[in-house]
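Colleague: Structure below; questions to follow.
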Amino acid sequence: MLTAIIDYESGNLHSAEKAFQRMAREVDGGEVVVTSDADVVARADRLVLPGDGAFPACAEELRGHRGIYEAMVEAVEQNGRPFLGICVGMQLMATTGHEYRDTPGLGWVQGDVVKITPSDSALKVPHMGWNNLVIDHDHTIFDGITSGDHCYFVHSYHFRVSDPAERLAHVDYGGDVTAVIGRDTMVGMQFHPEKSQDIGLRMIGNFLTWTP
């Protein structure tokens, strides 16, 4: 069993690599590698797409790594490999991102990535720090997790999902802010699971043993 964390120059992947490797050992989840090799992405059993920074820059970098991009799309769309998007990696699953300019996403989960606009002016943007999950729909990714468990967020834009059934969890930040999305073999987390202590590690372990 091989899990590939895709490196498309979107940020420092060291902490994610260590967290996934730790949980792979704990749940017998096989090998975890960080890779920019399209052949490794093509043969991986599970794919993880991280992302830090602005939506347009990450989308451009991802599509610019054409071998990786095509291998990832084929693995997910045609071969049904389990996929996890993290932070901007989750946002890239959307139809369109509206950060700085309109930018097409992967279109795997219909919806738009828009700026967070809290109803309470005392709440600052970016949404940064710990917040409590509200689970909207049961999913294997939440095994051992309950509403009220908290995760670590750092973001100014959020995913406004078109189909409520595909928003698996949210948090309250002067209004609903999408925290977890998913459909079929795909799931995405707006927060950083590798920075979310035991709760985030538990969800990483759940992904590594998920058999959709």
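The values are calculated or read from the model by the stated rules, or taken from the named source; none is laboratory data. Bear in mind that the values here come from a model prediction, so they are computed numbers and not experimental data. Positions of Cβ are generated from backbone atoms using ideal geometry, with glycine treated the same way; all protein chains shown enter the neighbour counts. Keep in mind that these areas ignore ligands, DNA and RNA; they rest on the heavy atoms of the full protein, side chains included. Shrake-Rupley method; radii C 1.70, N 1.55, O 1.52, S 1.80 Å.
Colleague: Amide H neighbours of residue 97 under 5 Å, counting only residues 5+ apart in sequence or on other chains, H built in-plane at 1.01 Å?
Modeller: Placed amide hydrogens put 103, 105, 113 under 5 Å from residue 97.
Colleague: Moving on to the next point. What accessible surface, in Å², does a 1.4 Å probe find on residue 8, ignoring ligands, DNA and RNA and rounding to the nearest 10?
Modeller: About 0 Å², rounded to the nearest 10.
Colleague: Moving on. Along segment 123-132, what does the Karplus equation 6.51 cos²θ - 1.76 cosθ + 1.60 (θ = phi - 60°) give for ³J(HN,Hα), rounded to whole Hz, x for Gly and Pro?
Modeller: Going residue by residue, I get 7, 8, 10, x, 6, 9, x, 8, 8, 8 Hz, with x marking Gly and Pro.
Colleague: Taking the Cβ of residue 161 as the center, what net charge do the other residues with Cβ under 15 Å away carry, scoring Lys and Arg +1 and Asp and Glu -1?
Modeller: Counting the neighbours of residue 161, the net charge comes to -3.
Colleague: Provide the net charge surrounding residue 149, with neighbours chosen by a C-beta distance below 13 Å and charges set as Lys +1, Arg +1, Asp -1, Glu -1.
Modeller: -1
Colleague: Counting just the Cα atoms, what span does the chain cover along each of its three principal axes? Round to the nearest Å and put the largest first.
Modeller: Principal-axis extents of the chain (Cα, largest first): 48, 38, 30 Å.
Colleague: State whether segment 24-100 is rounded, prolate or oblate according to the following rule on the C-alpha gyration tensor (a ≥ b ≥ c being the square roots of its eigenvalues): a/c under 1.5 gives rounded; otherwise a/b larger than b/c gives prolate, and the remaining case gives oblate.
Modeller: prolate
Colleague: Sticking with this structure for a sec: Enumerate the amide H contacts of residue 81 below 5 Å, restricted to partners 5 or more residues apart or on another chain; note that Pro and chain-start residues carry no placed amide H.
Modeller: Placed amide hydrogens put 76 under 5 Å from residue 81.
Colleague: Right, here's the next one. Enter the accessible area per residue of segment 154-212 (Å², integer; probe 1.4 Å; all protein chains in place).
Modeller: Heavy-atom accessible area per residue stands at 36 Å².
Colleague: Can you tell me, using C-alpha contacts under 8 Å and at least 6 residues apart, the relative contact order of segment 91-188 as a whole percent?
Modeller: After rounding, I find 27 percent.
Colleague: If DNA, RNA and ligands are ignored and the probe is 1.4 Å, what is the ranking of 109, 27 by accessible area, most exposed first?
Modeller: The most accessible residue leads, giving 27, 109.
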